[in-house]
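To start, the structure itself, in structure tokens.
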Amino acid sequence: MRGMPEPIDSSSFRSPESQRPSVSLPVESEPGRHDPYAAFRFGDFTLFTAGNLLSITGRLMLAVAVEWEIYALTHSATALGLVGLVIALPVVGLSLPAGHLADRFSRKRIILLSQSFSAISSLALALVSWKHLSIPQMAPLRAANGALTSVAAIFERHHQMFHFDAAAVPLIYLLLFIGASARTFSWAARSSFFPTLVSRDAFANAVTWNNSIFQIGSVVGPAVSGLLIAYVGFSFVYLLDALCSLVFFLLVLPIRGSRQRLDQITASTWESVVAGLRFVFRRKVILATITLDLFAVLLGGATALMPIFADQILHCGPVGLGWMRAMPAIGAFATALVIAHLPPIKHAGKMLLWCVTGFGIATILFGVSRALWLSLGVLFAAGAFDSVSVIIRGSIVQLVTPDEMRGRVSSVNNIFIGTSNEFGAFESGLTAALFGPVISVVAGGIGTILVVGAVALLWPETRKIGALDKTLR
């Protein structure tokens, strides 16, 4: 353990007293005793978390199935990259309006409505996958496939056995776009909804468990999806995702109205959105952590290329792909459980920088690995490092943000973080098409490490962030 953190510029952290979030009563526990299950003392949080687990599980089941189906239909790295682009576009275009709505209207109602649209898009995806051989080659679909072929021809220098002749491919991209649009509104509402379900003292614990739930879904979803793809089929996976969305809807329904402080400012929608952007850019600690995660995921994410590694390098098929997708989540979940049972991290800034560096190193090792056991091991390590950084970043962003601005700040965060995953997939697909998957992954890991150094130099406040508790402002 190192010494106490150095003094910091309080203007970068302090939230004005008048903007403090409205929260429930604190958890009743013995003074000074750490309660690892503090967040679950709130019944509404428990209901929300159960539904969130199912929603995440279904979404990641769908993600693995879509990646494998698109690759099976096209044998194109560019096609895998385009999956990320299609999902990222609505995040970029709709996140700020979604955040504005989450601050002006009931977040619960937004969640319910968006889950309904998500379920419908998954049902349609199941139908397209089931009937893909009998879909007629209509002129718009032929034109779309022609355009996709032209795009792939620009980048496919490493592997030229690609083909875009299945009528289902453009429809899959369209339905992914619709589903991503619904999830963009859901994400803005969900990320700003759950902080209102617990007390401020229990918030860091809630973030830890929220991340743990994400990791459980990230383990179960890909692993089950790989087995179902191999033995049942893609359409069944999409049906399960629709069912998970429906159950989440039913679990959120009985949650009583949270003590959400609605934005009462009469400013226009655009002025309201700009206020959220201004808040983020004025809080250096938020801007630094978002920037760090943005470029780390953009450069260091190898998820989109896992179907290529499973097929061409590790030769492990869809079941192996499922375990490769699940292994980072297993590492993240194990780490999150440990963190949940420990007191709040005392030197969060330095820990964040070291963990993102470790994530970059693990990414490099995955790129050069030729053994499945080694690849699974370094993916476990990558997930463990990423879990710590997610918990730290999520706690910082929410603790220093007043409740009436959480929707807009969450939407700004979603633009940077959400799109970094998808644009990272797009970037990985294109660089893999140009230079091969190994060079793409290794170069991304090196870039991640360089970004850590740049953030530490540009925003020295990051190194000085202290404990993730109620004293953080």
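The values are calculated or read from the model by the stated rules, or taken from the named source; none is laboratory data. Worth saying up front: this structure is predicted, and the values here are computed from it rather than measured. Heads up, the Cβs are rebuilt from the backbone with ideal geometry, glycines too, and the neighbour counts pull from every protein chain shown. Protein only, heavy atoms only, side chains kept; ligands, DNA and RNA dropped before computing areas. Shrake-Rupley method; radii C 1.70, N 1.55, O 1.52, S 1.80 Å.
Things worth noting here:
- Sorted peptide list for 441-454, 181-194, 137-150, 84-97, criterion being average Cβ within 10 angstrom, highest first: 181-194, 84-97, 441-454, 137-150
- Using θ = phi - 60° in the Karplus curve 6.51 cos²θ - 1.76 cosθ + 1.60, the 3J(HN,Hα) couplings for segment 448-460 round to 4, 5, 5, 5, 4, x, 5, 5, 4, 7, 6, 10, x Hz; x is entered for Gly and Pro.
- Proximal lysines to LYS108, defined as alpha-carbon separation beneath 28 angstrom and excluding residues fewer than eight positions away on the same chain: LYS470
- For segment 326-340, backbone nitrogen atoms closer than 18 Å to the point 7 Å from TYR37 Cα along Cα-to-C-beta are found at 336-340.
- Peptide packing: for 428-435, 456-463, the average count of neighbouring Cβ atoms within 10 Å per residue gives the ranking 428-435, 456-463, highest mean first.
- Only one residue of ILE87, GLY58, HIS100 has its Cα farthest out toward the positive end of the dipole of segment 54-180, where Lys and Arg carry +1 and Asp and Glu -1 on Cβ, and that residue is HIS100.
- Protein-only accessible surface at a 1.4 angstrom probe places the residues HIS315, HIS163 in the order HIS315, HIS163, largest first.
- Accessible area per residue (1.4 Å probe, heavy atoms of protein chains only) ranks SER395, SER116 as SER116, SER395, with the largest value leading.
- Cα-projected label distance for VAL232 with SER116, points at 7 Å along beta-carbon direction, nm: 2.7
- Label-point gap, in nm, between ARG370 and LEU250 - each point 7 angstrom along Cα→Cβ: 5.1
- Peptides 59-71, 345-357 ordered by packing proxy, namely the average of other Cβ atoms within 10 Å per residue, highest first: 59-71, 345-357.
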